[in-house]
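The values are calculated or read from the model by the stated rules, or taken from the named source; none is laboratory data. This is a predicted model, so every value here is computed, not measured. Reconstructed Cβ throughout: ideal geometry from the backbone, glycine too, with neighbour counts over all protein chains shown. Side chains included, ligands, DNA and RNA excluded: accessible areas come from the protein's heavy atoms. Shrake-Rupley method; radii C 1.70, N 1.55, O 1.52, S 1.80 Å.
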Amino acid sequence: MGAVLDDHRLTIARVEPLTRTRAVRGPFDYRLGPALAGVEVGSLLRIPFGQRTTLGVVIELAGRSELAPERLAEPEAVLPSGLPPDLVELGRWMAAEYCSTTARALGMLLAPGAGAGMAPRQTLAAELTPAGRRAVAGDWAPDDGARPLTERQRARLEALQLAGASAAAELGTPALRRLEARGLVKLTLRERPRRPQHPPAVGAPLATPPALTADQQHALTPILAAVSARARDPGRFLLHGVTGSGKTEVYLRAVEATLAAGRGAIVLVPEIALTPQAVARFVARFGDVVAVLHSGLGRGERHEEWLRLRDGKARVCIGPRSAVFAPLADIGLIVLDEEHDGSYKHEGDPRYDARTVALRRARAHGAVLLAGSATPRPESVVALRRLRLAARVDGRSLPPVEVLDMTGSHHPLHPRTRMALADLRRGGGKAIILLNRRGWSNFLSCRSCGHVWLCPDCDVALVLHRASSLVACHHCGHRRPVPDRCPACRSVAVARHGAGTERLAHELSEALGDASFPVFRLDADATAGGDTLTRTLTRFEAAPAGVLVGTQMVAKGHDFPDVTLGVVLDADQTLRFPDFRAEERTFALITQLAGRAGRGDAGGTVLVQTLAPGARSIAYAARHDSDGFLADELSRRRALLYPPFASLVRIVCGSAQAADALAVGAELGRALASAPATVLGPAPLFRLRGRSRSQLVIKTTKRRAAIEAVGAAVDGVAAGAARRGVSISVDVDPQ
Ligand code: ADP
Ligand code: ZN
Ligand code: ZN
């Protein structure tokens, strides 16, 4: 019991081993020998763990352990990219908030590549010592008893003399180490900076700030006051500004003030590849103090940016959701651009929401939170102090929106849309067309027997991708060649139903496209990587006229002044999902797409094609009435007890056997019987990746207690479920 090692020195590290297994929960105690005196909370260690070696993060230091000293192992090594202590705290909070484990949450926060043991990129530089130079000249003899130089060693030394330090990599580290041991070579580690190339700018960044509009000035006043206040909870704002109202300029000024106050800022953007303009503006305004973290960068580059932030060399971090974990020492401001965007939710364990994490981090640092959107979430309207930008910069009006009823229509484009496109081609303007569906056609069926081609592993239809000659499952990625006959009746008559972006772009190109009126496509298929997305946007911007067709990607934040026509096809598609956020999503998509049109002197028009012209969200979007929509949506949610008036937690059980998935779901339901929540289900969900699934939805107004109850229930059934091959995933605040 309680063997005391040393009461006055912290010689015990409580370490969370970074394992994915839910059943293994740390922390475990390790003994710190004198060689490990520098270990602190957040240090990343390589530790012996059971029969193997793993990585672990120190979450606490202690003077004593419950275990006898001889039973404690010592860490094998301290790795260079440890976490700042506040991120350790954040990881522990995330584990609890999202019903995950501390290990998984910490794994999320580590420097990119830290788990792979990535050190700052150092290169070995080698130079000859005086003895080495003598050896090259033939004027050197080994000490008594040592072997003389081999031919290859002599050749290496000669190469070094010729090529200098840079040749080290080609000469082989082990060989150089042996020469070092003989005193012939001096090796030094040099840091080679690995700075990313910032994405090319679309649109000219404003290096010199423009004079603020009165609206911007007005919105900034309380923000700037909060930034300089250094209060414990300086303020949380929602910049509700119509599209094109200059929200980015407000963020820039807020960051400027934060830097002037000697503090750092995090700027979260939905997807860097789709918003290179925003990034370019920050880099143009603040230069080297900006670090960009995004997945388009190599791991080494991201690692380097991470270290620049941790070491205070960069004080502004701009990036997608994971940038909320940027290791800044003193955060004064967190900006959430396009706060309504679904990409802020992470879809792997822990299923965190960067917006919620941002709030938590802002609170911990005493930082200002500044969220912005033209279509804010009801959650944010309730939780944050709203500031308005009611008009577009330069007072341009928002484009008129026409709703086009498509019931009974067989052509994918309404006559009004076709006319508008033809006019545009004649007059030489630009259009953006949104169709939120990739591929050529939605599904294939046999004309003789009605057979529908389904994914073998999911309960969904396969989508035809003509250019790549295959049919693909959009849920699991399963793909196979386009079928030429029906497997059931051998008929060769295969019908293609519906149209996706591939077909639409093709048909528009046939009908309208030529060198002076090109058709571009922007979706996950047309683009093989971040670079290509940016290139498509750059080409569209550079073209004097043309059409950009794409999925929701085309609606995101782009600022092209010469787009005069915006078109939404199948606008009610998002309404057909059985989800309480369907209306919110539809409203946002139409409003955001409308926001891309009419940003220049030529004005603009927006056409919305739909089978549900009377839908609430479509009608509000057509009137640009976000206040009306929000008021309506909030009263509906209050009545039905949906967020922000309650919290939802979703539990999904997956298994090869449908009965097992349902049985574990039912077990969880029983375990949650006394939880302070309404439990709905278990209900079967469609099959995914060969797994049958069941779902429970927990609705609660006692968030903390309900999450704890869910965690306990999952822990209670986890072992039995695992034995039956049933996986359980918990999603707090599902999207
Ligand atoms: P939002 O994010 O609100 O849709 P943006 O930040 O993209 O709007 O701004 C729209 C355009 O207005 C951009 O081209 C931006 O450079 C420009 N802009 C912003 N503020 C001003 C200003 N005060 N004066 C002139 N132009 C501005
Ligand atoms: Zn058939
Ligand atoms: Zn599938």
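Ala495 satisfies every condition listed in (1) farther than 21 Å from Asp523 by Cβ; (2) open to solvent by 30 Å² or more (accessible area, probe 1.4 Å) except (2). Scanning the stretch 379-426 for residues that are among the β-branched types (Val, Ile, Thr) and assigned to a helix (DSSP H, G or I), we see that the one that is surrounded by the most Cβ atoms within 10 Å (Cβ to Cβ) is Thr417. Of all the listed residues (Ala273, Ala254), the sole one being of a type in the set (A, V, I, L, M), modelled with pLDDT under 85 and buried (at least 18 other Cβ atoms within 10 Å of the Cβ) is Ala273. Please verify whether the stretch 353-364 includes one or more residues that are in contact (Cβ under 8 Å) with a residue 12 or more places away in the chain and either outside any helix (DSSP H, G or I) or farther than 22 Å from Ser380 by Cα (or both). Yes, that holds for at least one residue.
A single entry from Ala420, Ala391 fulfils the requirement of being within 15 Å of ligand 1 (Cβ to nearest atom) and in contact (Cβ under 8 Å) with a residue 12 or more places away in the chain: Ala391. Given the criteria in contact with a Pro (Cβ under 9 Å, 6 or more places away or on another chain), outside the structural domain of Leu239 (by TED's automatic domain parsing) and at pLDDT 95 or above, does Leu634 qualify? Criteria met by Leu634. In the set Gly690, Gly681, Gly669, Gly654, only one residue is surrounded by 21 or more Cβ atoms within 10 Å (Cβ to Cβ) and either assigned by TED's automatic domain parsing to the domain that holds Pro378 or of a type outside the set (A, V, I, L, M, F, W, C) (or both); that residue is Gly654.
What do you reckon, is Val393 within 32 Å of the chain's Cα centre (by Cα), more than 26 Å from Arg691 (Cβ to Cβ), at pLDDT 95 or above and not hydroxyl-bearing (Ser, Thr, Tyr)? So Val393 does not fit the description; no. Ala719 meets each of the listed conditions (1) more than 21 Å from Glu347 (Cα to Cα); (2) open to solvent by 40 Å² or more (accessible area, probe 1.4 Å); (3) in contact with a helix residue (DSSP H, G or I) (Cβ under 9 Å, 6 or more places away or on another chain) apart from (3). Of the residues Val289, Val227, the single one that is open to solvent by 30 Å² or more (accessible area, probe 1.4 Å) and not polar (S, T, N, Q) is Val289.
Tallying residues that are modelled with pLDDT under 95 and farther than 16 Å from Thr101 by Cβ within the stretch 705-716 yields 0.
Listed by position, the strands (runs of 3 or more DSSP E) inside the stretch 628-726 whose residues that are within 16 Å of ligand 1 (Cβ to nearest atom), more than 20 Å from Arg22 (Cβ to Cβ) and within 30 Å of the chain's Cα centre (by Cα) number at least 3 form an empty set.
Checked against the criterion of being open to solvent by 50 Å² or more (accessible area, probe 1.4 Å), within 16 Å of ligand 3 (Cβ to nearest atom) and either more than 20 Å from Asp562 (Cβ to Cβ) or in a loop (DSSP other than H, G, I, E, B) (or both), the candidates Asp459, Asp484 yield just one match: Asp459. For the structure I just gave you, tell me whether Gly395 is away from ligand 2 (no atom under 16 Å from the Cβ) and on the phi > 0 side of the Ramachandran plot. Spelling it out, Gly395 is indeed away from ligand 2 (no atom under 16 Å from the Cβ) and on the phi > 0 side of the Ramachandran plot. Applying the criterion of at least 3 residues that are buried (at least 16 other Cβ atoms within 10 Å of the Cβ) to the strands (runs of 3 or more DSSP E) found wholly in the stretch 1-114 leaves 12-17, 28-31, 44-49, 52-62. Taking the stretch 446-456 as the range and being farther than 21 Å from Thr501 by Cβ, more than 9 Å from ligand 3 (Cβ to nearest atom) and of a type outside the set (D, E, K, R) as the test, the residues that pass are Cys446, Ser448, Cys449, Gly450, His451, Val452.
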